[in-house]
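K.L.:
Input: one structure, supplied below.
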Amino acid sequence: YFIRSGRRIVGTRKLLMCAAACLFPLSPLVPFLPGSAAVIAVGSVLAFAHMMWLVTLTATIVDLFPSESVGSAAGWIAAGSGLGGIVFTEVIGHCITDFGYLPVFCIMGVLHPLAFLLISRLRVPATTADASATHLRRVTI
């Protein structure tokens, strides 16, 4: 929808990532929600936001790196994600054991917005942005 209405690819991806990041401050409310239905509803919204974030971030690699480096960049990002998963699983387990769930949900509520602020500062090389825009136009026609 956004691309067909004339928005640029990079701007559209940033808009989607911003929308996802704006939903994460809901996560500190989870421990205070009344009943499991509310927890499942907010958890579902957060899971949707995370998937929207993840898919858009993965697609952003094409905008940030030249085509000959996209595979390497994706590999480094995947390796970093895997390592982060290993480390954070251990850290979150200790945090929940020692402090409870609230600190984990509070941290979760700020990580995506902080990441968005960092990502929004990145500049897309002109040649990469033009190439991906041309590719998209060829695909949608």
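K.L.:
Might you let me know whether the range 1-13 holds any residue that is among the aromatic types (Phe, Trp, Tyr) and more than 25 Å from CYS106 (Cβ to Cβ)? Spell out the reasoning first.
P.N.:
Going through the range 1-13, the residues among the aromatic types (Phe, Trp, Tyr) turn out to be 1-2.
Keeping just the survivors that are more than 25 Å from CYS106 (Cβ to Cβ) gives 1-2.
Checked the range 1-13: at least one residue is among the aromatic types (Phe, Trp, Tyr) and more than 25 Å from CYS106 (Cβ to Cβ).
K.L.:
If you don't mind, there's one more thing I want to ask. Could you list, in sequence order, all residues of the range 10-42 that are over 16 Å from the mean Cα position of the chain (by Cα) and in a helix (DSSP H, G or I)?
P.N.:
Scanning the range 10-42 gives PRO28, LEU29, VAL30, PRO31, PHE32, SER36, ALA37, ALA38, VAL39, ILE40, ALA41, VAL42.
K.L.:
Return the pair list, or none, for Cβ contacts closer than 8 Å from residues in the range 44-57 that are closer than 16 Å to MET108 by Cα to residues that are in a helix (DSSP H, G or I) and among the hydroxyl-bearing types (Ser, Thr, Tyr), at least 6 apart or on different chains.
P.N.:
Close Cβ pairs satisfying both conditions: LEU46/SER27.
K.L.:
Still on this structure: Looking only at the range 109-125, how many residues end up being surrounded by 15 or more Cβ atoms within 10 Å (Cβ to Cβ), more than 12 Å from the chain's Cα centre (by Cα) and not β-branched (Val, Ile, Thr)?
P.N.:
Adding up the residues that qualify gives 1.
K.L.:
Moving to a separate point now. Within the range 93-102, track down each residue that is within 21 Å of LEU23 (Cα to Cα) and in a helix (DSSP H, G or I).
P.N.:
The answer is LEU102, and nothing else.
K.L.:
Of (1) open to solvent by 40 Å² or more (accessible area, probe 1.4 Å); (2) in contact (Cβ under 8 Å) with a residue 24 or more places away in the chain, VAL10 satisfies all except one. Which?
P.N.:
It is condition (1) that VAL10 fails.
K.L.:
Turning to a different aspect of this structure: Among the listed residues PHE2, PHE105, identify the single one that is out of contact with any strand residue (DSSP E or B) (no Cβ under 8 Å at 6 or more places or on another chain), of a type in the set (Phe, Trp, Tyr) and part of a helix (DSSP H, G or I). Reasoning before the result, please.
P.N.:
Values: PHE2 fails: part of a helix (DSSP H, G or I).
The conditions single out PHE105.
K.L.:
Condition first: more than 26 Å from LEU57 (Cβ to Cβ) and either within 13 Å of the chain's Cα centre (by Cα) or not hydroxyl-bearing (Ser, Thr, Tyr) (or both). Now tell me which residues in the range 97-108 satisfy that.
P.N.:
If the condition is that a residue be more than 26 Å from LEU57 (Cβ to Cβ) and either within 13 Å of the chain's Cα centre (by Cα) or not hydroxyl-bearing (Ser, Thr, Tyr) (or both), then ASP98, PHE99, GLY100, LEU102 are the ones that fit.
K.L.:
Assigned to a helix (DSSP H, G or I), surrounded by 14 or more Cβ atoms within 10 Å (Cβ to Cβ) and not β-branched (Val, Ile, Thr): is that true of ALA49 in this structure?
P.N.:
yes
K.L.:
Starting from the range 97-110, keep only residues that are closer than 14 Å to LEU46 by Cβ and in contact (Cβ under 8 Å) with a residue 24 or more places away in the chain, then list their pairs with residues that are open to solvent by 40 Å² or more (accessible area, probe 1.4 Å) and assigned to a helix (DSSP H, G or I) whose Cβ atoms are within a distance under 9 Å, requiring at least 6 positions of separation or different chains.
P.N.:
TYR101/PRO31; PHE105/LEU29; PHE105/PRO31; GLY109/PRO25; GLY109/LEU26; GLY109/LEU29; VAL110/PRO25
K.L.:
Here is a follow-up. Need the failing condition index for PHE65 against (1) at pLDDT 85 or above; (2) open to solvent by 70 Å² or more (accessible area, probe 1.4 Å); (3) of a type in the set (A, V, I, L, M, F, W, C), just the number.
P.N.:
(1) is the only condition that PHE65 fails.
The values are calculated or read from the model by the stated rules, or taken from the named source; none is laboratory data. Here the structure is a predicted model, which means the values were calculated and not measured. Glycine gets a Cβ as well: all are built from the backbone with ideal geometry, and neighbour counts include every protein chain shown. SASA here: full protein model, heavy atoms, side chains in, ligands and nucleic acids out. Shrake-Rupley method; radii C 1.70, N 1.55, O 1.52, S 1.80 Å.
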